[in-house]
Ligand code: NIG
Ligand code: FE
């Protein structure tokens, strides 16, 4: 099976198999009048003009911009219900963490997720994945964390596993049992942490249900010390560590990420200089979520300082029913330019190669280079700036996953 995509007006891609920070984050290889030759779902060659003696299927790119398929490295994809009923509260100024402390927020989604059966959860998630694919997203990370007991967490992770066979996007699964303290453990934090470490994590690892473990390290949720214990236990079982750090308050999450060599630290809205230095020292990818800042009316993370400090920055949606009920990575790309002051080239790396590295896929996707999976987007334009400059409508023209056209024409 081969496919030649020719007449690409501009091919633009980062290069390599690992995250890029500092000046290298903005290093984008470009080629005009390019082609992409695909064999058996992988990129066989990238070149200019036309390859010699090609016989097989072809696709005329019509002079369009071609980039790698986008990677959404942070979503809470599988959940029951929505939280539209919290909108008015938020508009009236009730803080996100107060809603959670009153048994709403994440805990309200936990009730809805526990009540839903696997098929209902899967169908709802498939709908979202469909929309993401049409926007050019070809790989995506999915966190659990709305079950908060062993069976319910495993249920959520099993749903994610079944989704892999029901749609084309590559999915990476993260266990996030430490997303909130469930109501039945109120007053018994130790009991719940013990359950996460000694019951949930071993089962998740044994059943191969997740590649990563994430913790919500936040004031009133899990402390840095509790997060450390959980993440060290996860690492000992072979899972990579991720951490929701400094989203609302800086309570030591970014420092912890650096100390334990987490693969990525998420949010980092309140990260200070010491936190940024710790990320750099620990080789941690900063996974920034600007749509969440927008939605919660919070400041935007110090992305410019992070890039300048040499921390590889990735940008993702954080799609979830509470702090970001939207799954549009193209909007995240816009916000990363306008609010983070990152350049289009830097943002392209943030949503492709660096995002792939944040979920362990940088050897497989995230760039347009021979040997990688053939995941690509043809855009409704011939230049890179345009897709960061326009917003509010889908600018992806054709989406290719593993060498197949999966969205668009
Ligand atoms: O990344 N902060 C913790 N988790 C999500 C929100 C989850 C929810 O509100 O349901 C986040 O913002
Ligand atoms: Fe999140």
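The values are calculated or read from the model by the stated rules, or taken from the named source; none is laboratory data. The model shown is predicted, which means the values in this text are computed figures rather than measured ones. As a convention, Cβ positions derive from the backbone with ideal geometry for all residues, glycine included, and neighbour counts pool all protein chains shown.
What the table below lists for this structure:
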{"quantity": "Answer from 36, 11 - the residue that is closer than 21 Å to residue 337 by Cα, assigned by TED's automatic domain parsing to the domain that holds residue 379 and crowded, with 19+ Cβ neighbours inside 10 Å", "calculated": "11"}
{"quantity": "Qualifying helices (runs of 4 or more DSSP H) (wholly inside segment 319-369; at least 1 residues being without any contact (Cβ under 8 Å) to a residue 60 or more places away in the chain and touching a helix residue (DSSP H, G or I) at 6+ places or on another chain (Cβ under 6 Å))", "calculated": "329-338, 344-350"}
{"quantity": "Residue check, residue 44 over 23 Å from residue 220 (Cα atoms), surrounded by 13 or more Cβ atoms within 10 Å (Cβ to Cβ) and out of contact with any strand residue (DSSP E or B) (no Cβ under 7 Å at 6 or more places or on another chain)", "calculated": "no"}
{"quantity": "Those helices (runs of 4 or more DSSP H) lying entirely in segment 133-235 with at least 2 residues modelled with pLDDT of 95 or more, within 16 Å of ligand 1 (Cβ to nearest atom) and buried (at least 21 other Cβ atoms within 10 Å of the Cβ)", "calculated": "150-164"}
{"quantity": "Leading residue by the ranking (farthest from ligand 2 (Cβ to nearest atom)) among those in segment 281-329 that are under 22 Å from residue 69 (Cβ atoms) and surrounded by fewer than 22 Cβ atoms within 10 Å (Cβ to Cβ)", "calculated": "328"}
{"quantity": "Members of segment 240-250 that are surrounded by fewer than 21 Cβ atoms within 10 Å (Cβ to Cβ) and touching a strand residue (DSSP E or B) at 6+ places or on another chain (Cβ under 9 Å)", "calculated": "248"}
{"quantity": "Count of segment 269-315 residues which are in a helix (DSSP H, G or I) and within 30 Å of residue 92 (Cα to Cα)", "calculated": "8"}
{"quantity": "Segment 236-250, residues that are under 23 Å from residue 314 (Cβ atoms) and either at pLDDT 95 or above or within 16 Å of ligand 2 (Cβ to nearest atom) (or both)", "calculated": "238, 239, 240, 241, 242, 243, 244, 245, 246, 247, 248, 249"}
{"quantity": "Failed item in (1) surrounded by fewer than 21 Cβ atoms within 10 Å (Cβ to Cβ); (2) under 28 Å from the mean Cα position of the chain (by Cα); (3) under 20 Å from residue 145 (Cβ atoms), with residue 102 passing the rest", "calculated": "(2)"}
{"quantity": "Conditions (1) out of contact with any helix residue (DSSP H, G or I) (no Cβ under 7 Å at 6 or more places or on another chain); (2) in contact (Cβ under 8 Å) with a residue 40 or more places away in the chain: number failed by residue 135", "calculated": "(1)"}
{"quantity": "Residue match in segment 253-266 (condition: within 15 Å of residue 302 (Cβ to Cβ), assigned to a loop (DSSP other than H, G, I, E, B) and either touching a residue at least 60 places away in the same chain (Cβ under 8 Å) or within 16 Å of ligand 2 (Cβ to nearest atom) (or both))", "calculated": "no"}
